[in-house]
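Bear in mind that the values in this text are calculations on the coordinates, not laboratory data. Predicted model, so just to flag it, every value in this text is computed and none were measured. Reconstructed Cβ throughout: ideal geometry from the backbone, glycine too, with neighbour counts over all protein chains shown.
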Amino acid sequence: IVDEVQTGLGRTGKLFAYEHYGIRPDVVTIAKSLGGGIPCGALLVSESANVFTPGDHSTTIGGGGMAFAAGLATLKLLQQPDLMAKVTRKGQYIKDGWEEWRKTLPVIKGYRGLGMMLALELNTSSKQVMLACLEAGLIVNAVSETALRILPALNIEEADLEQGLAIMKKVLQQF
């Protein structure tokens, strides 16, 4: 069983994060990015693990048309040629920038991630940096005392990516 609720649907540069590790799960959960902000989820089950029969799983509120439309729009986006290569390339571009910044910004301790699911490890309070980024117009998330999570849109334009990185660098120079 693999939980791809946050990591699935291209976030790591592959359709599913488990593909980076050469495993073949029987069950995969997906959500969050499937609906693009609209609550939407799915359970993917291999044929050998499929024990469900019609009526085994029902809901009183599921199956909304808007959620299905959002999921379908996401699946269409994921079919764009070279999307995963672009996600991987943009993620590497961000990490290369951070590596360059480390030479002159001692606030940066390190970084990690795949595709455009990235974290920047700091030598200071990530909450303070997050608040400064927000004030400057950039949304990031403090996920621990010293780590910021960065999740750009998979289809972010180069100019928007550059603008976000410029804001982040300017903020980090203050710490």
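Points worth noting:
- Here the stretch 1-82 is assigned +1 on the Cβ of each Lys and Arg and -1 on the Cβ of each Asp and Glu. Its dipole about the Cα centre then comes out at about 240 debye.
- Residue of Asp26, Asp82, Asp56 that the Gaussian network model of the chain assigns the largest fluctuation, springs spanning Cα pairs under 10 Å: Asp56
- In this structure, the pairs whose alpha-carbon distance is over 23 Å, taken from Lys90/Lys127; Lys86/Lys109; Lys32/Lys109; Lys109/Lys170; Lys90/Lys170; Lys76/Lys169, are Lys90/Lys127; Lys86/Lys109; Lys32/Lys109; Lys76/Lys169.
- Where only DSSP H runs of four or more residues are counted, the chain gives -11000 deg cm²/dmol as its mean residue ellipticity at 222 nm, each run worth -39500 (n - 2.57).
- Inter-part distance where the stretch 59-77 and the stretch 24-46 are each reduced to a Cα centre, Å: 11
- The alpha carbons of the stretch 132-175 give a radius of gyration and a Dmax of 10.8, 30 Å, in that order.
- Spatially proximal aspartates and glutamates relative to Lys14 (Cα-Cα < 17 Å; intrachain offsets below 8 disregarded): Asp3, Glu4, Asp82
- Protection proxy ranking, highest mean first, for peptides 84-94, 10-20: 10-20, 84-94, where packing is the per-residue count of other beta-carbon atoms within 10 Å, averaged.
- A simple spin-label model places pseudo-atoms 7 Å from Cα toward Cβ; at Glu99 and Asp82 they are separated by 2.2 nm.
- Here r is the Cβ-Cβ distance between Glu162 and Arg24 and R0 is 35 Å; the resulting FRET efficiency, rounded to 0.05, is 0.40.
- Full extension of the chain segment joining Ile1 with Ser46 gains 15.2 nm, where the gain is 0.36 nm per residue of separation less the Cα-Cα distance.
- Estimated translational diffusion coefficient (Stokes-Einstein, Kirkwood radius over Cα pairs, 10 °C, 1.306 mPa s) of the stretch 2-77: 118 µm² per second.
- Added length on full extension, which subtracts the Cα-Cα distance from 0.36 nm per residue, Ile61 to Gln92: 7.1 nm
- Nearest-ten-degree value, helix 65-77 long axis tilted from longest Cα axis of the chain: 60
- The chain: C-alpha pair distances exceeding 29 Å, %: 31
- Computed from label points 7 Å out along Cα-Cβ, the spacing between Ser125 and Lys109 is 1.6 nm.
- Site pair Thr53 and Glu145 shows an inter-label distance of 5.5 nm when each label is modelled 7 Å from Cα along Cα→Cβ.
- Taking the charge dipole of the stretch 11-133 about its Cα centre, with +1 at Lys and Arg Cβ atoms and -1 at Asp and Glu Cβ atoms, the residue from Ala119, Tyr18, Trp98 reaching farthest to the positive side is Trp98.
- The stretch 76-175: GluC sites (Glu not before Pro) in DSSP loop, at most 15 other beta carbons within 10 Å: Glu145, Glu157
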